[in-house]
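Reviewing the structure listed below.
The values are calculated or read from the model by the stated rules, or taken from the named source; none is laboratory data. Because the structure is a prediction, the values reported are computed rather than measured. Every residue, glycine among them, receives a Cβ derived from its backbone with ideal geometry; neighbour counts consider all protein chains shown. Surface accessibility is based on the protein's heavy atoms, side chains included, excluding ligands, DNA and RNA. Shrake-Rupley method; radii C 1.70, N 1.55, O 1.52, S 1.80 Å.
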Amino acid sequence: MRFYSTADRSRFVPLREAILGGMPDDGGLYMPETISEMPSSFIKSLGTLDKQTISVEVIRHLTGNDIPVSTLLDIVTDAINFPTPLADIEPKIKTLELFHGPTLAFKDVGARFMARLMGYLVKDSDRELTILVATSGDTGSAVANGFFEVPGIKVIVLYPAGKISLIQEKQIATSGKNITALKVAGSFDDCQRLVKTALIDRDIRQSGMITSANSINISRLIPQCVYYFHAIGQIDMYMSKNIAISVPSGNFGNLTAGLIAKRMGLQVEPFIASTNINNIVPNYLKTGRFEPKPSVRTISNAMDVGNPSNFARILDLYDSSWKRITKDIYGQYFSDDETRQAIASIAETNGYILDPHGAVAYLGLKKYLNTHPGTDIGIFLETAHPAKFNDIVEPVIGRPVEIPERLNKCLNRKILSLPISNQYSDFKEFLLEQIN
Ligand SMILES: *Cc1c(COP(=O)(O)O)cnc(C)c1O
């Protein structure tokens with residue numbers, strides 16, 4: 001499979017370059033050359049296939065023959081080594097729990113797959129691959145965990161000192177081995193500037209193989225298509241049902257993966273783009289105008305995005321037609337107060353504890369179902385475990401959230417990060433020592 005840039009559909013690169021390069025240099029994002037429908041025999045048998053088989057078939061459909069089937073099977077088995085179950089919430093409403101991975105958020109799926117695929121792509125290289133990531137929290141923990149002990153790859157994570165939660169810092173900075181955490185005296189923007197400057201610095205590029213692992217890498221989206229197929233397959237008689245899916249969205253990678261799954265033949269009608277008050281996409285769906293704004297802080301902070309990076313991919317999938325986009329996507333946004341109320345009411349009536357991101361998705365689904373009674377089943381994605389946001393959730397529900405064992409383990413580990421200034425010259429000196 002070749003990949004083109006959304007900024008220039010006539011330029012193609014092979015899989016290896018799309019994954020290891022991450023981003024085309026024309027400002028676009030990579031997309032697979034063809035996204036065709038999968039055989040209806042496959043869609044019809046989803047309910048009887050195991051997750052590994054679904055994973056391999058779906059990913060092969062988007063990557064072609066570049067990865068041998070047996071390798072792909074090893075990669076998905078190792079990467080997605082945790083369940084993604086559907087849980088019942090209310091009659092007609094289910095949640096797809098995507099937080100059973102090691103860092104308790106759905107980003108584990110994309111990050112763990114990307115890590116193993118990159119590991120495969122550099123396997124025969126005599127040089128080590130160095131990956132730089134700037135993080136404001138969640139991405140860094142998924143990436144640090146995903147790449148841990150992947151041979152041939154070294155990761156350097158930069159995070160702003162004092163500006164991430166203790167849980168996040170423990171998840172990012174306690175791995176050791178091939179993961180180095182740098183605690184930058186500065187802001188998230190400083191971290192991002194240091195990474196971007198290094199990636200185009202000729203001295204650095206000449207001294208080693210270097211890339212980034214940010215959320216726009218197509219290898220993070222591709223495995224996310226899988227859980228949509230797997231989830232629908234778990235619903236009785238899904239071929240004859242109207243199913244809507246609500247996705248809590250920030251950079252819109254997760255929703256884009258759903259739209260790709262739909263293009264591959266999965267019947268979902270519609271996808272619901274649920275956001276907090278960073279409502280750029282719901283506004284676009286209403287007005288046809290895409291107007292990025294500076295992001296606003298909310299309690300669902302992994303969705304505080306003012307210029308959603310995957311929007312270019314959504315436009316590309318629909319040839320920029322607002323009419324076609326609004327046929328497939330319904331958008332809604334919610335305030336922090338509404339989000340807190342949803343967490344409180346579901347905890348009280350169902351005993352189920354939502355995290356703030358899942359609560360936004362629940363609200364979007366409810367709003368849709370209220371005006372569309374013909375829908376048989378609504379699924380909302382629960383993208384993080386509530387314990388990850390216990391500072392918000394506990395006061396709302398009035399009782400403690402149980403902390404899963406895998407989080408507790410990392411809370412007891414020692415933070416190993418190295419302090420560094422926000423000056424590029426200091427970062428460059430550090431990198432040159434590391435790469436050589
Ligand atoms: C990153 C994240 C989101 C947003 O996902 P996108 O693919 O960026 O839209 C939602 N919830 C949680 C918990 C996240 O970490």
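Observations on the structure shown:
- Ranked from largest to smallest solvent-accessible area, with a 1.4 Å probe on the protein heavy atoms, PHE42, PHE290 come out as PHE290, PHE42.
- Point-to-point label distance, HIS372-GLU348, nm (Cα→Cβ direction, 7 Å offset): 2.9
- Sorting ASP124, ASP319 by solvent-accessible area of protein heavy atoms yields ASP124, ASP319, largest first, with a 1.4 Å probe.
- The Cα center of the range 73-143 and the Cα center of the range 301-341 differ in position by 22 Å.
- For the range 285-341, the set of trypsin sites (Lys or Arg not before Pro) satisfying both a DSSP loop assignment and a count of at most 15 other C-beta atoms within 10 Å is given as ARG289, ARG297.
- Within the straight-line cut-off of under 16 Å between alpha carbons, the aspartates and glutamates reachable from LYS323 are GLU269, sequence neighbours fewer than 8 places apart in one chain being disregarded.
- Relative contact order (%) - criterion: Cα under 8 Å, at least six apart; region: the chain: 19
- Calculated FRET efficiency for the pair ASN283/GLN341, C-beta based, R₀ 30 Å, to 0.05: 0.85
- Stretch gain in nm, segment LEU315-ALA7, where the contour uses 0.36 nm per residue and the Cα spacing is subtracted: 109.8 nm
- Straight-line reach from LYS163: taking Cα to Cα under 17 Å and skipping same-chain neighbours fewer than 8 places apart, the aspartates and glutamates in range are ASP138, ASP189, ASP190, ASP304, ASP391.
- The chain: Rg to Rh, with Rh as the Kirkwood radius over Cα pairs: 0.94
- Over the range 294-436, relative contact order from alpha-carbon pairs under 8 Å, at least 6 apart, %: 17
- Fraction of accessible area attributable to carbon and sulfur, the chain (%, probe 1.4 Å): 49
- Restricting attention to the range 168-309, lysine pairs at least eight places apart or on different chains and with alpha-carbon atoms under 23 angstrom apart total 5.
- GluC sites (Glu not before Pro), loop per DSSP, at most 14 other Cβ atoms within 10 Å - longest free stretch of the chain: 150-401
- With the charge dipole of the chain set up from +1 on Lys and Arg Cβ and -1 on Asp and Glu Cβ about the Cα centre, the Cα lying farthest toward the positive end among the listed residues ALA161, THR77, ILE379 is that of ILE379.
- In terms of accessible area, using a 1.4 Å probe and ignoring ligands and nucleic acids, ASP376, ASP304, ASP236 rank largest first as ASP236, ASP376, ASP304.
- The chain: antiparallel DSSP beta bridges as a percent of all, rounded to 5: 25
- Relative contact order (%) - criterion: Cα under 8 Å, at least six apart; region: the range 29-148: 19
- For the chain, the per residue solvent-accessible surface stands at 41 Å², with DNA, RNA and ligands left out and a 1.4 Å probe.
- Sum of -39500 (n - 2.57) over DSSP H runs of 4+, divided by residues of the chain (222 nm, nearest 500): -13000 deg cm²/dmol
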